[in-house]
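The values are calculated or read from the model by the stated rules, or taken from the named source; none is laboratory data. The shown structure was predicted, so the numbers you read here are calculated from the model rather than taken from an experiment. Backbone-built Cβ (ideal geometry, glycine too); neighbour counts: all protein chains shown. Just so you know, the surface numbers come from the protein's heavy atoms only, side chains and all, with ligands and any DNA or RNA stripped out. Shrake-Rupley method; radii C 1.70, N 1.55, O 1.52, S 1.80 Å.
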Amino acid sequence: MTAVGRLTLGRVDVEVPADRPLAITFAEGTVDGEFRQVFGAMAATPLRVRGTPLSITPRYGGYSDFESNDERRGELDLTFRIAGPGVPPGCSIGSAADPVRLVLLETDPPKVVTPDPLVVTFGVADNRFAVPGTSGCGPLGPVLDRALRLPSPAGVNGIDLDARVAMRAYGEV
């Protein structure tokens, strides 16, 4: 799955451009009569934070569930690595213990792009999530929290993505 769009976390407002989409690999299917999902990997490039020398990189936060139902398209936990002058390695927005939890709602219904291999597109968004403060930033943490307006309450943040999913059977991988 790849996705492009816009992300707002406190003061951070970044675009996920078409030439550098978020990419997520996962598998799902029936194993021993039971539906299961396995998260594979997530790849993302640094996204420049306007008006600052900082960039953030979305990272997998330890939980995903892409099984859709009437209430949601899926759920995904993320953290955001912060990079820039003087920012220590390991500095991030959120942490493994306190990630950003997205509950994605469908904004555009799925459309089949190609039937073989099956490729579908759809839109998802969430504007109901809270964003924790920084983690692993040492003495710079409070400065970054003030500059980025973190933590940020639910209703102030948002994500709006156009997703594209290519599906293959296990035997074709």
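Points to keep in mind about this one:
- Where the chain is the region considered: accessible area per residue in Å², 1.4 Å probe: 54
- Net +/- balance of residues flanking V14 in space, Cβ distance below 9 Å, scoring K and R +1, D and E -1: +1
- Taking every alpha-carbon pair within region 80-119, the share separated by more than 13 Å comes to 71 percent.
- Once the Cα gyration tensor of region 1-65 is diagonalised, semi-axes √(5λ) in Å: 31, 11, 9
- Pairs of alpha carbons in region 91-173 whose separation is greater than 18 Å (percent): 58
- Ellipsoid semi-axes for region 31-173, based on the Cα gyration tensor and the rule √(5λ), read 32, 16, 15 Å when sorted largest first.
- Seen from P99, the other residues with C-beta closer than 14 Å to its C-beta sum to a net charge of -2, counting Lys and Arg as +1 and Asp and Glu as -1.
- Of all accessible heavy-atom area on region 29-100, the percent that carbon and sulfur account for (1.4 Å): 49
- Per-residue ellipticity at 222 nm, computed for the chain from helices alone with -39500 (n - 2.57) per DSSP H run of at least four residues, works out to -1000 deg cm²/dmol.
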